[in-house]
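Take a look at the following structure, please.
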Amino acid sequence: QRMGVESGPGRHRLASVVAGNTHTVAIKSDGTLWAWGFNFYGPVGDGTTAKRLSPVQVGTGFAFIAAGSVADHTVAIKTDGTLWAWGRNFWGELGDGTVIDRLTPTLIGTGFKYAAVGLGHTLAIKTDGTLWAWGLNASGQLGDNTNVNRRAPVMVGSGFTAVAIGNIHTVGLKADGTLWGWGYNSYGAVGDGTTTDRRVPVQIGTGYASIAAGYDSSFAIKLDGTLWAWGRNDTGQLADGTLTMRPVPVQVGTGYRTGTGGGGGNVALAVEYYNAALDHYFLTHIPNEIALLDAGVVIKGWVRTGQAINVYLAAQGGTSPVCRMYIPPDKGDSHFYGRGSVECDATKAANPTFVNEDAQFFHVALPAAGVCPPGTREVYRVFSNRPDANHRYMTDRALRDQMTGRNWLAEGDGPDLVVMCAPT
């Protein structure tokens, strides 16, 4: 691991938890998977159908889990990108080519980073942005232009960063901020202005950053923080002040936070860590890295500072990719985050031994003469100005000033030295 590994005590805590129909699954920060609850179809994954009244360990090396409030199956992704599924398989929702319930995690595929679970169908996104679907398809919720149930994953789109499943409808978010819907639509949950089921993804709107789906209803937050809702509304679940079904998105609020850190949209939370032995800071939004850092077993000596920054997971209109470079031990054993291809290329040219880890680690907006565009906030960068080079990134101006008081150098544009702009 390129994070200045030092000795130190490890910590174990829950890194994530999801709830199914009548079972619960959680991942500890050491990557172990635990489950409990009703187990008739095997969604606990311990090889039995016995009800579990306390957590039982069912695997290791996991980074992501998905379950649904109406589902009796579980899907999980390991740190190596392999996708596993277990539990009920009546419609092929596990994706293993059968309709046989599985009592233990079963390998389905490789190269995945995100998944969502519905009543009888599953969708997952690969690292290349392709969207895959399998299981129940009576209302076209898989998006493959048929009503045929699928027992194995089929590709239904590309460019996706997030997907959310209601009961038997689906909404998806692409890297360009476009919102898409498909599947069961009798209550307008797809959002296309009709009540006709859609068997392929149809575009609903643009400028979105986060999505969620309920029972025959859908929700999304735009990049400007406005909240939108559509679909079934017989109990006021859309929060628009009526009980009227809405077949297109209606605005129901403002000022909502888009950065969840959980993959439910195109904005994530990058968490900051500090290593006292090195006097180094490190920033990441990657769940696997966060889990390892929090565990303190493989990567030791790092603790959260309580600081974090929202980042775009993929390009938006007018944003810039941020590269991540590893600075080798002779230069600092650290990482550098460049705010675009110009700075990244110049840094690499001046420092040939720096290692390009990711040319698009995340995305940000750039300031114009130090002024950030609407919907974003200032990010400041300071440099340690030592042979063991290290940089720190923050949105708190007072904290930046504290760092310069420690002889760290402020870097950026304009009179306030702003280096980049993060989504609010």
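The values are calculated or read from the model by the stated rules, or taken from the named source; none is laboratory data. Everything quoted here is computed from the prediction, not taken from an experiment. Using ideal geometry, Cβ is built from the backbone for each residue, glycine included, and neighbour counts are taken over all protein chains shown. The area values use the complete protein model at the heavy-atom level, side chains included, leaving out ligands, DNA and RNA. Shrake-Rupley method; radii C 1.70, N 1.55, O 1.52, S 1.80 Å.
Solvent-accessible area of Met155, probe 1.4 Å, all protein chains present, reported in Å² to the nearest ten, please.
In the full protein context, Met155 sits at about 110 Å².
Extension gain Ala349-Gln57, at 0.36 nm per residue separation less the Cα-Cα distance, in nm? Don't jump to the answer; show the numbers that get you there.
On the way: separation 292, 0.36 × 292 = 105.12 nm, distance 4.84 nm.
Result: 100.3 nm gained on full extension.
What is the spin-label model distance, in nm, from Thr254 to Thr196 if the labels are put 7 Å beyond Cα along the C-beta direction?
With each label point 7 Å from Cα toward Cβ, the separation is 3.6 nm.
Still on this structure, I have one more. Can you tally the lysine pairs in the chain where the Cα-Cα distance is under 15 Å and the two residues are eight or more apart, or on different chains?
Working: Lys28/Lys78; Lys78/Lys113; Lys78/Lys126; Lys113/Lys126; Lys113/Lys174; Lys126/Lys174; Lys174/Lys222; Lys331/Lys348.
Summing the qualifying lysine pairs gives 8.
What does the charge dipole of the range 289-424 about its Cα centre add up to, to the nearest 20 debye, if the Cβ of each Lys and Arg holds +1 and the Cβ of each Asp and Glu holds -1? Mind showing how you got there, number by number?
On the way: 13 positive and 15 negative charges, 44 e Å.
Dipole of the range 289-424, to the nearest 20 debye: 220 debye.
Go through Ala19, Ala359, Ala398 and say which Cα lies farthest out towards the positive end of the charge dipole of the chain; charges sit on Cβ, +1 for Lys and Arg, -1 for Asp and Glu.
Result: Ala19, furthest along the dipole toward the positive end.
What distance in nm separates the simple spin-label points at Ala315 and Asp80, each placed 7 Å from Cα in the Cβ direction?
Using points 7 Å along Cα→Cβ, the separation is 3.3 nm.
Taking the alpha-carbon set of the range 124-283, what are its Rg and Dmax in Å?
17.2, 61
Arrange the peptides 404-416, 108-120 so that the one whose residues have, on average, the most other Cβ atoms within 10 Å appears first.
Per-residue Cβ counts within 10 Å, averaged per peptide and sorted highest first, yield 108-120, 404-416.
Oh, and also: Against the longest principal axis of the chain, how steep is helix 341-350, in degrees 0 to 90 to the nearest 10, with axes from Cα atoms?
Relative to the chain, helix 341-350 is tipped by roughly 50 degrees.
Seen from all sides and averaged, what is the projected area of the convex hull of the Cα atoms in the range 310-384, in nm²?
Dividing the Cα hull surface by four gives the mean projection, 5.4 nm².
What shape does the range 348-424 take by its C-alpha gyration tensor, where a ≥ b ≥ c are the square roots of the eigenvalues and a/c under 1.5 counts as rounded, a/b above b/c as prolate, and the rest as oblate?
Working: a/c = 2.05, a/b = 1.17, b/c = 1.75.
The shape class here is oblate.
Given a Förster distance of 22 angstrom, what is the FRET efficiency for Asn356 paired with Ser158, based on the Cβ-Cβ distance and rounded to 0.05?
Details: r = 25 Å, r/R0 = 1.12.
The formula returns an efficiency of 0.35 here.
What's the Cα-based Rg to Rh of the range 52-127, Rh via Kirkwood? List each step's numbers first, then the result.
On the way: Rg = 11.6 Å, Rh = 12.4 Å.
With Rh from the inverse mean 1/r over Cα pairs, Rg/Rh is 0.94.
R0 = 30 Å: FRET efficiency of Ser69 with Ala368, Cβ-based, nearest 0.05?
Details: r = 45 Å, r/R0 = 1.49.
So the FRET efficiency works out to roughly 0.10.
So what's the back-of-envelope 222 nm ellipticity for the chain, counting only DSSP H runs of four-plus at -39500 (n - 2.57) apiece and dividing by all residues, rounded to 500?
Numbers: 3 runs with 27 residues, N = 424.
Theoretical 222 nm ellipticity from helices: -2000 deg cm²/dmol.
First obtain the Kirkwood hydrodynamic radius of the range 79-217 from its Cα pairs, then insert it into the Stokes-Einstein equation at 10 °C and 1.306 mPa s, and state the resulting D in µm² per second as a whole number.
Details: Rh = 14.6 Å.
Estimated diffusion coefficient is 109 µm²/s.
Expressed as a whole number of Å, what is the distance separating the alpha-carbon centroids of the range 99-140 and the range 199-256?
24
Okay, next question. If you split all Cα-Cα distances of the range 188-310 into 5 Å bins from zero, what percentages do you get per bin, shortest first?
All Cα pairs considered, the percentages come to 2, 11, 16, 16, 13, 10, 9, 8, 7, 5, 3, 1, 0.
How many Å³ per residue does the convex hull of the Cα positions in the range 274-424 occupy? Before the final figure, lay out the partial values.
Working: hull volume 17.7 nm³, N = 151.
Dividing the Cα hull volume of the range 274-424 by its residue count gives 117 Å³.
Next question. Within the set of other residues whose C-beta is less than 13 Å from the C-beta of Ala369, count the net charge using Lys and Arg as +1 and Asp and Glu as -1. Write out the running numbers ahead of the final one.
Numbers: positive: none; negative: Glu378, Asp413, Asp416.
Around Ala369, the surrounding residues sum to -3.
Would you mind telling me the share, in percent, of accessible area of the range 67-107 contributed by carbon and sulfur at probe 1.4 angstrom?
Working: 820 of 1450 Å².
Of the solvent-accessible surface of the range 67-107, carbon and sulfur hold 57 percent.
Sticking with this structure for a sec: Just the accessible area per residue of the chain, please: how many Å² with a 1.4 Å probe?
Values: 16760 Å² over 424 residues.
With all protein chains present, the chain gives 40 Å² per residue.
Taking one equal scatterer on every alpha-carbon of the range 126-176, how large is log10 of I(q)/I(0) by Debye at q = 0.15, 0.24, 0.31 1/Å?
Listed by q, the Debye log ratios stand at -0.37, -0.91, -1.26.
P(r) tail for the chain, what percent of Cα pairs lie past 34 Å? Kindly include the intermediate steps, with their values, before the conclusion.
Numbers: 31652 of 89676 pairs.
Counting pairs separated by more than 34 Å, the tail of P(r) holds 35 percent.
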